[in-house]
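Heads up: the structure comes next, in structure tokens.
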Amino acid sequence: MKEELIISGRMNYKVDPTLHIWGWEIPLYLFLGGLAAGILFFAALYYLRGKENQYQFAVKWVPMFAPFFLIIGLGALFLDLHHKLYFWRLYTSIKLQSPMSWGAWTLMVVTPLSLVWSATYVRELYPKWDWKLKWIFDLEAFLIKNRRILAWIMIVYAVILGIYTGILLSAFNARPLWNTSILGPLFLVSGLSAGAAMIMMLSKNPLERIKFSQIDLLLIAIELALIIHMFMGFRASTQVQIDAGAMFLGGPYTLPFWIFVVFMGMILPAFLEFWELKGNHVPSYIPGVLIIFGSVMLRFIIVYAGQASRYLY
């Protein structure tokens with residue numbers, strides 16, 4: 001009898017059936033990046049519209065959380081790196097065709113920009129604050145004078161950051177679930193919705209809460225439309241993408257996605273926000289927490305399900 005030894009890459013523990021090459025770090029970063037993008041977008045938007053005093057929490061207070069979210073997200077990315085001491089090599093070149101390069105340079109701009117934006121409001125919000133050094137006061141005065149330019153830069157990079165969190169996944173052609181152009185807009189809108197929800201939760205101004213509740217209702221409607229469009233695209237595509245969509249339409253991710261993301265993270269908070277807009281009292285933190293929870297679950301489920309989708313033909 002002639003024996004043969006067959007060696008296959010499928011025996012690699014980091015391929016099938018153990019698929020968690022990306023763990024919790026990546027979806028956490030995608031969520032925090034999207035949330036920070038949403039917060040910074042609304043801060044810049046309402047400053048440019050001349051409503052910084054009308055919507056003070058959106059423009060001045062809540063953006064102070066954005067740098068912390070971005071730093072924590074960067075920390076999660078760092079933990080995921082295999083060769084941690086070589087992260088700096090991302091900044092030795094610019095590759096327009098690489099989502100990783102886009103993300104690295106976008107974060108290089110957005111993170112310090114969020115710190116600068118918050119710093120320009122520190123003495124206004126905390127009158128006893130003292131920078132101690134004259135050159136810092138001079139720099140602060142220069143930045144405040146040019147705050148409108150900062151806002152334009154911030155609104156552009158907030159949109160890029162929000163879309164990038166989806167494009168990072170959709171660029172992986174080998175994973176059929178991720179290989180859709182819907183992920184970029186979906187993650188952007190989800191981040192904007194989470195940002196609006198956080199402003200709505202933290203604001204003490206009833207008019208501001210109502211405004212961002214209305215914005216959030218619109219964003220939730222857009223999210224649902226994008227999700228429907230995404231699954232319609234899967235159903236009308238190749239067999240591997242039909243199979244990828246089937247993971248959410250009767251497959252193992254059906255209940256987590258439709259209960260945690262769609263129902264608890266979109267439909268239920270939308271109903272509560274609509275109920276409140278009709279004059280009924282609903283604590284703003286309830287729909288806000290549900291929306292943020294749904295935004296987190298969207299990233300985790302898409303990341304894990306995407307790694308389970310594959311080409312077998």
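The values are calculated or read from the model by the stated rules, or taken from the named source; none is laboratory data. All values derive from a computational prediction rather than experimental measurement. As a convention, Cβ positions derive from the backbone with ideal geometry for all residues, glycine included, and neighbour counts pool all protein chains shown.
Some points to look at:
- Residues of segment 196-244 that turn out to be hydrophobic (A, V, I, L, M, F, W, C), under 30 Å from ASN173 (Cα atoms) and under 22 Å from the mean Cα position of the chain (by Cα), as a count: 11
- The residues of segment 158-189 include none that are of a type in the set (S, T, N, Q) and at pLDDT 95 or above.
- Residue selected from segment 106-135 under the condition hydrophobic (A, V, I, L, M, F, W, C) and without any contact (Cβ under 8 Å) to a residue 24 or more places away in the chain, by the criterion nearest to PRO67 (Cα to Cα): MET108
- For segment 227-238, the count of residues that are of a type in the set (S, T, N, Q) and more than 30 Å from GLU208 (Cα to Cα) is at least one.
- Counting only helices (runs of 4 or more DSSP H) that sit wholly inside segment 77-154, those with at least 1 residues that are exposed (fewer than 14 other Cβ atoms within 10 Å of the Cβ) and of a type in the set (Gly, Ala, Ser) are 134-145.
- In segment 191-231, residue nearest to PRO269 (Cα to Cα) [restricted to those that are at pLDDT below 95 and among the hydroxyl-bearing types (Ser, Thr, Tyr)]: SER213
- ILE155 being under 16 Å from PRO63 (Cβ atoms), touching a helix residue (DSSP H, G or I) at 6+ places or on another chain (Cβ under 6 Å), at pLDDT 95 or above and of a type in the set (A, V, I, L, M, F, W, C): yes
- Contact map, segment 203-228: residues that are within 20 Å of PRO283 (Cα to Cα) and in contact (Cβ under 8 Å) with a residue 12 or more places away in the chain paired with residues that are of a type outside the set (D, E, K, R) and not in a helix (DSSP H, G or I), Cβ distance under 6 Å, separation 6+ or inter-chain. Pairs shown: GLU208/TYR55; ARG209/SER203; ARG209/SER284.
- Test: residue in segment 132-153 that is over 16 Å from GLY38 (Cα atoms) and of a type in the set (S, T, N, Q): yes
- Answer residue from segment 178-223, given it is hydroxyl-bearing (Ser, Thr, Tyr) and in contact with an Asp or Glu (Cβ under 8 Å, 6 or more places away or on another chain) and is surrounded by the most Cβ atoms within 10 Å (Cβ to Cβ) among those: SER190
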